[in-house]
1. Ordered by residue, what ³J(HN,Hα) values in Hz, to whole numbers, does region 208-216 give under the Karplus form 6.51 cos²θ - 1.76 cosθ + 1.60, where θ = phi - 60° and Gly and Pro are x?
2. What percentage of the solvent-accessible surface of the chain, computed with a 1.4 Å probe over protein heavy atoms, is contributed by carbon and sulfur atoms?
3. Please state the relative contact order of the chain as a whole percent: Cα pairs under 8 Å, 6+ residues apart?
4. Which value in Å does the Kirkwood hydrodynamic radius of region 342-482 take, with 1/r averaged over all unlike C-alpha pairs and then inverted?
5. How many Å² of accessible area per residue for the chain, probe 1.4 Å?
6. Which are the unpartnered cysteines of the chain, meaning those with no other cysteine Cβ under 4.7 Å from their Cβ?
7. Can you give me the Cα centroid spacing of region 273-318 and region 452-492 in angstrom?
Amino acid sequence: MPNVSRFDALELTTGAVNDQQAPIGHVEAEFARLRAKGEYLGAHDGGMIDSLRYTSSGPGNYNGSENHFQGMQRLANGRFLVVSGGDWATPSSHLFVIKMGSRPKTGPWLANTRGQDKQPPATDKIVASVSIDSKMWHAGGMDVMGDVLAVPVEYPPPNTLPLTRLANLPIPKFWDAPRSRIVFFEMKNPTTPKRLKPTIDRAGVKSTAVALCKLPNGFYLAVVFSAAGLDFYLSKTKRFNSGFRKRPTRWAIDRVRALEGEPRKFDGYQTINLINQSDGRLYLVGLHNTSGMAPTLGGDNNADLFTVDIPGMHRKPENATDSVEAPVITRVSSVKVECKHRQCNMDAAAGVYVDRGNLIIYSAYHWRQSGILRFNEFHGLTRAPKETITQIGDAWIELFEKRFFGGRFLTVRGPEDAKITNFGRVRAQGSGFDNKVRAVRFQLPIGSTYRLFRKQGFTEKVIDLKGTGRVAEIPDLEDEVDETDISSARFV
């Protein structure tokens, strides 16, 4: 693999790291705002991945069996995304750092593959590649806390990988029993990840996913998911680089609770992420596909939300060896999202991101397609950080294909992508958008006007969207105008 950094003999960093996490004012309300349809994004591989790796085709690749992307996190920098992967053939677990050069540092990125060719801008590409471990070649679902990235790596032993077993493929043999490890990277400079000193070794136990957060008492909590349940590891001190206590608190899946109307169920998640609420309450999001054979056999792509109540998490631990008290985990909500056109799958790479109190979920497909890693962005209402905006750079417009803000949607953020000469050349959620606008939601500064036209090339005005500085809505264009066909739009 070209341009790969290896850490087999690296002297680990021991300095202080940024551990700040952005809380959410009301997690359940933000979760409820998530839309089932996502923005379509993509990134070029930048020549950082061997042509036969991380693809479902090609001689000797066995249809991508046991070689795919497995975790995804947008970083604190805001313009970078990191994706984990596992490749039994190399063998190695990997990190791939993507710079979304065409996208803003704050807020949702919005679609970057709107053209008919569905190609992302050349500035959106993988810019760094890291080989984590040549023995523990299977990397799983990650989590990020400030500039600290937590990554689970493991060695699944022979006869435990269904796709490999069915295809009668060779598997690297290093141990006779499953074994895993949680490793940590500092991502302050995303293009040069630094391995941090702490590790969590798990002899005889696999690690599918890891979640990470800072507790109200100043200690750190790493939660590791496997088929046996969740293991809660408490840090030794309030200094991250002092590491974690060896003895975790185990929580069995059958102990899960549920609010009325929710199933009493904790699924086989590919990714788990912890979220802090502003009042100190802790939440967990689990991301997965309901099919055990995705993407070969289809399933639902779900995000499930749980409260995690840990007694005493506001107090200092009583001694230096015990972990946290047994948690109470309650399922409170679930969202099913749409993954079409090989854009995403929750059993491939997925992850949660918090942007100034707003919740965003990312998910990628298992493999590259023609040198492009494709992924979706699921967010709630596109809005500026302030209730009222005064700058044209903060303006945004959402165009919906159904009345009352239903169906597919196209989001433009002005003025960089607000000029649309021909809607026939624009794709939204994988399909064309000419003459599809039936509802509008927007926020424009006072004095600005965004005009919708009936014909291509900005002719025959249909309606002007006038800025007031605040969010405005037109739930049904037919209530406002006689002609609702829209083929171009721009600021005037």
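1. 7, 8, 9, 10, 9, 7, 9, 7, x
2. Working: 9170 of 19880 Å².
C and S atoms contribute 46 percent here.
3. Details: 1366 pairs, mean separation 74.0, N = 492.
Relative CO of the chain lands at 15 percent.
4. Details: mean 1/r = 0.0603 Å⁻¹.
Averaging 1/r across every pair of different Cα atoms and inverting gives 16.6 Å.
5. Details: 19880 Å² over 492 residues.
So the chain comes to 40 Å² accessible per residue, rounded to a whole number.
6. Isolated Cys, the chain: Cys213.
7. Using only Cα atoms to place each centre, the spacing works out to 41 Å.
The values are calculated or read from the model by the stated rules, or taken from the named source; none is laboratory data. Bear in mind that the values here come from a model prediction, so they are computed numbers and not experimental data. Methodologically, a virtual Cβ is constructed for each residue, glycine included, from the backbone with ideal geometry; neighbour enumeration extends over all protein chains shown. These accessible areas exclude ligands, DNA and RNA; they are computed on the full protein's heavy atoms, side chains included. Shrake-Rupley method; radii C 1.70, N 1.55, O 1.52, S 1.80 Å.
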